[in-house]
1. Would a scan of the stretch C:280-292 turn up a residue that is within 14 Å of chain A (Cβ to nearest Cβ), of a type in the set (A, V, I, L, M, F, W, C) and surrounded by fewer than 19 Cβ atoms within 10 Å (Cβ to Cβ)?
2. Please go through the stretch B:188-222 and give me each residue that is part of a helix (DSSP H, G or I) and either among the small types (Gly, Ala, Ser) or touching a Gly at 6+ places or on another chain (Cβ under 9 Å) (or both), ordered by number.
3. What number goes with the only condition from (1) under 30 Å from C:Asn216 (Cβ atoms); (2) in contact with a helix residue (DSSP H, G or I) (Cβ under 9 Å, 6 or more places away or on another chain) that C:Leu20 does not pass?
4. Do we have any residue at all in the stretch C:43-57 that's among the aromatic types (Phe, Trp, Tyr), in contact (Cβ under 8 Å) with a residue 40 or more places away in the chain and more than 26 Å from C:Gly343 (Cβ to Cβ)?
5. Name the one entry in A:Ala317, A:Ala331, A:Ala313 that is within 13 Å of another protein chain (Cβ to nearest Cβ), in a helix (DSSP H, G or I) and out of contact with any strand residue (DSSP E or B) (no Cβ under 9 Å at 6 or more places or on another chain).
6. Please go through the stretch B:49-88 and pick out each residue that is among the hydroxyl-bearing types (Ser, Thr, Tyr), crowded, with 16+ Cβ neighbours inside 10 Å and out of contact with any Asp or Glu (no Cβ under 8 Å at 6 or more places or on another chain).
7. Please count how many residues of the stretch B:219-239 are loosely packed, with under 15 Cβ neighbours inside 10 Å and either touching a residue at least 12 places away in the same chain (Cβ under 8 Å) or hydrophobic (A, V, I, L, M, F, W, C) (or both).
8. When residues of the stretch C:91-121 are filtered for being in contact with a Ser or Thr (Cβ under 9 Å, 6 or more places away or on another chain) and in contact (Cβ under 8 Å) with a residue 60 or more places away in the chain, how many remain?
Amino acid sequence: MKKMRQNKKTEGDDMADISAPAAPSAPDAIPKKSLDLLPLALPLVIGLAAWLLIGSTTTWLTLTLAALAMGMMVFVIASGLTLVFGLMDVINFGHGAFIAIGAYLAMTVLAPLSGWVQADNLALNLAALLIAAVVAMIGTGALGLVFERIIIRPVYGQHLKQILITMGGLIVAEQLLHAIFGGDQKSMALPAGLRGAIIIGDLALEKYRLLAVAVGLAVFAAMQLTLNRSRIGLLIRAGVENSEMVEALGYRIRRLFVGVFVAGSALAGLGGVLWALYRETFTASIGGDVMVLVFIVIIIGGLGSVGGCFLGAILVAMMANYTAFLVPKVALASSILLMVAILMWRPQGLYPVAKR
Amino acid sequence: MADRIPAEPLLRLEGVHTHIGQYHILQGVEFDVPEGGITMLLGRNGAGKTTALRTIMGLWQPSRGSVTFEGRAIGGLTTPEIALSGIAYVPETMAVFSDLTVEENMILAARSGPLDRKRLDWIFSFFPAMQKFWHSPAGVLSGGQKQMLAISRAIIEPRRLILIDEPTKGLAPAIIEGMIGAFEALKRETTILLVEQNFRFAASLGDTVAVMDDGRIVHRGTMTALSADEALQTRLLGLSLDAHQ
Amino acid sequence: MIGKLLSYDPPKSRVLGVVLAIIVLGLALAPFLFPGAAAINTAAKICIFIVLVASYDILIGYTGIVSFAQTMFFGIGGYGVGLSLYFLGPTWPVLALGIVIALILGVALAFVIGLVSLRVKAIFFAMITLAVASAFLILATQLSELTGGEDGRTFRVPELLRPGTKLLEAPLFGLEITGRIAAYYLVFLAALALFLVALRLVNSCFGRVLQAIRENESRAEALGYRVVYYRTLASCLSAALAVCAGVLSAIWLRYTGPETTLSFAIMLDVLLMVVIGGMGTLYGAVIGASLFILAQNYLQKLMGVASAATEGFPLLPRLLHPDRWLLLLGVLFVLSVYFFPTGIVGRLTQRARK
């Protein structure tokens with residue numbers, strides 16, 4: 001035994017020999033993470049099937065753009081929720097409140113900027129929207145901080161209470177919005193430069209949908225960069241898998257979680273602005289309608305997975321838009337069928353997150 | 001061996017009780033980890049060894065008693081605070097972040113800054129596989145390699161005390177031999193508290209020893225003394241350890 | 001006798017017992033004590049919601065899983081009976097047929113939802129039921145040829161239960177005994193029977209296993225109970241009970257529509273009732289439903305007065321506007337989850353134990 005130990009030490013000193021018997025069971029090839037590409041084929045299959053059923057390429061393209069725009073908006077809203085769940089096992093049923101608050105804040109900001117909104121100048125239009133979006137995000141982010149502190153923190157680790165409390169938070173937030181802004185339906189007009197469509201041949205691409213797709217892709221890219229290239233991102237991914245070990249390495253996971261919660265709330269606020277502009281009218285219950293889609297999306301994607309959430313959002317939006325055209329009466333039911341089918345195939349969602 | 005034990009131990013547990021839910025796991029644990037060398041914490045399955053390590057790390061809060069590290073009470077501190085005070089932890093489950101690469105695992109473990117190249121080469125000298133699989137996700141590593149990664153993570157920066165929970169569990173003998181070399185080198189620069197079931201492994205490495213049973217410490221002394229006394233071994237550790245050899 | 005009826009699970013506090021007795025007596029004699037259409041409507045609504053809230057409590061309180069589809073089953077009951085009577089004529093066999101169809105549909109749906117979601121994670125169940133329930137609501141409004149869409153369906157009930165039917169020649173204690181009174185007593189007695197069945201259920205072996213699972217899932221599993229099986233069964237039974245509540249609601253209102261049976265607002269009401277009344281005790285359903293519905297009807301009037309009285313203060317009149325009554329109840333709900341997670345009944349029982 002002692003001899004073997006000596007052997008090992010001399011071997012270890014010799015740095016050149018890296019295939020030492022320390023890992024005799026390891027295969028020679030360096031293993032790479034097997035990329036799970038199968039779910040990525042789903043949107044292609046659904047898209048192709050829809051194209052065959054619809055029979056008109058321009059209609060199909062219009063519908064697909066609508067689906068992508070809707071998918072991106074749902075993704076922006078859902079991404080924060082799924083990360084918060086992954087990191088701390090907290091599901092916030094009150095997430096929809098931030099959507100509504102974002103919409104109301106944007107409306108409040110855009111009112112005095114109506115000159116910019118109506119100007120025949122795309123730069124001014126976008127600047128007004130940018131200001132509204134930033135204010136909405138700051139506002140919802142700050143409220144997220146408060147919400148986390150008073151609503152979520154006392155009920156960590158208790159799913160039943162979490163669901164109830166966050167639902168109660170949603171009721172109170174919606175009622176407060178009604179009390180402050182009045183209970184009537186609000187409207188928020190699209191800026192002049194974003195109305196209408198770009199016409200290419202007989203194909204009409206609505207400008208606002210293109211903007212929504214661009215914003216969604218930007219958010220997705222920024223999230224992927226953060227998660228894969230920054231220390232904070234690594235910590236979030238590590239925390240989603242095993243938050244206890246992240247703490248044992250000396251990081252305060254609570255701070256990380258509060259940060260993610262605030263970012264998720266701000267994104268819901270942004271999503272609320274996008275969604276309200278898309279629908280052009282809204283009430284305080286705007287969140288409720290989207291949240292149903294959001295829940296379906298994060299379940300389909302796999303709770304905690306940002307990539308799965310992105311894919312799930314696109315899938316749900318495609319189903320919704322194609323069926324709305326083909327069999328309008330069952331639009332939302334189609335998302336449920338999609339969800340059930342995917343859960344039959346993968347009970348944890350498309351990209352289940354590895355948990356300890 | 002006794003002359004190496006300084007007056008003030010590095011870590012001291014006094015009358016520590018830990019409850020998990022309604023279960024009373026630790027029932028007045030008392031032992032010291034002297035500065036330097038390896039202290040072995042032995043005992044049957046379910047004796048409370050893992051709970052003891054988790055209590056030191058703050059992953060369970062002790063309901064009574066005190067945990068003192070470098071003369072400072074750490075009993076009520078949070079896990080990150082305890083980690084920042086200089087204790088590293090290698091859990092029984094290894095807890096490597098399987099979605100992250102080996103490199104990313106190490107980056108997170110090196111919390112005070114970028115990875116130190118020299119230190120890394122030193123680690124690669126025990127665990128060459130870490131270099132080989134540097135860019136692979138930790139999830140694809142074999143069990144032994146995950147264990148090496150978990151240990152590498154704990155030593156990527158110098159820490160005052162390293163808690164290691166059953167590093168040999170389920171590993172092939174050849175890998176265990178390699179690990180012994182690493183621990184030999186490691187104990188020259190830091191202090192290790194090692195939970196073990198494999199008595200032969202423990203005997204070949206340990207300096208001091210504490211034996212647990214039913215949530216209490218039933219024996220404390222030097223490893224040499226325990227190794228020499230087979231009757232004592234049988235009485236303290238019973239057949240369960242033999243079975244592991 | 002009473003002990004057996006209550007499945008040997010009587011109210012464990014004297015105050016609670018007295019309050020319950022008052023409620024039951026009040027409901028039993030409501031047509032005589034509180035004359036007028038509004039009062040009898042309120043009483044019938046309380047009876048119906050006691051059953052609905054009790055059915056929900058079997059899930060949330062006894063099984064520890066949260067569903068947002070309870071109103072979907074409520075609606076299935078309402079639509080099952082309503083549409084049968086509407087299309088096939090107002091006879092008793094049709095009513096029975098409607099009940100059977102609704103029960104089969106409701107239980108089958110609950111079974112499928114449970115199968116898909118309960119084997120993964122209890123939190124899935126909450127989200128999936130929310131999604132399914134809203135899809136069902138939209139489906140019910142979209143299929144307007146069948147369901148009447150947003151407007152719902154008004155239908156006729158069997159002759160005995162119609163308001164125009166006179167059952168007694170002379171008034172009894174000054175009350176004209178019409179089909180409306182018969183319908184009320186049908187609702188009251190059915191609700192009472194369903195409540196006692198639910199009480200029997202939660203005090204059976206099955207109910208005890210559910211509570212064991214709620215307390216410690218892994219231990220129950222280790223003892224050999226198949227958790228998924230019990231949870232799915234609980235959600236099916238709870239669905240069946242909610243379907244029955246829906247049937248009663250349809251019989252009473254002679255109308256079924258998305259707003260009155262399926263809407264998410266009702267789901268929230270039920271949630272508030274069960275939490276404020278007390279989770280994990282069916283008597284909480286009685287207290288919660290009675291209190292909530294009385295508050296719904298009378299709190300708004302009070303708030304109107306308060307709102308007018310605070311005219312001139314900033315924001316206050318708006319916060320106290322009668323339409324904002326849900327705000328007060330929402331705050332009450334959050335506070336009670338924090339501070340009185342066992343609700344009113346839990347508090348009373350604790351006090352009695354001391």
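The values are calculated or read from the model by the stated rules, or taken from the named source; none is laboratory data. As the structure is a prediction and not an experimental result, all values here were calculated from the model. Don't worry about glycine lacking a Cβ; one is built from the backbone with ideal geometry, like all the others, and counts go over all protein chains shown.
1. No, the stretch C:280-292 contains no residue that is within 14 Å of chain A (Cβ to nearest Cβ), of a type in the set (A, V, I, L, M, F, W, C) and surrounded by fewer than 19 Cβ atoms within 10 Å (Cβ to Cβ).
2. B:Ala202, B:Ala203, B:Ser204
3. Condition (1) is where C:Leu20 drops out.
4. For the stretch C:43-57, residues among the aromatic types (Phe, Trp, Tyr), in contact (Cβ under 8 Å) with a residue 40 or more places away in the chain and more than 26 Å from C:Gly343 (Cβ to Cβ): absent.
5. A:Ala331
6. Passing the criteria: B:Thr51, B:Thr55.
7. 7
8. Selection size over the stretch C:91-121: 11.
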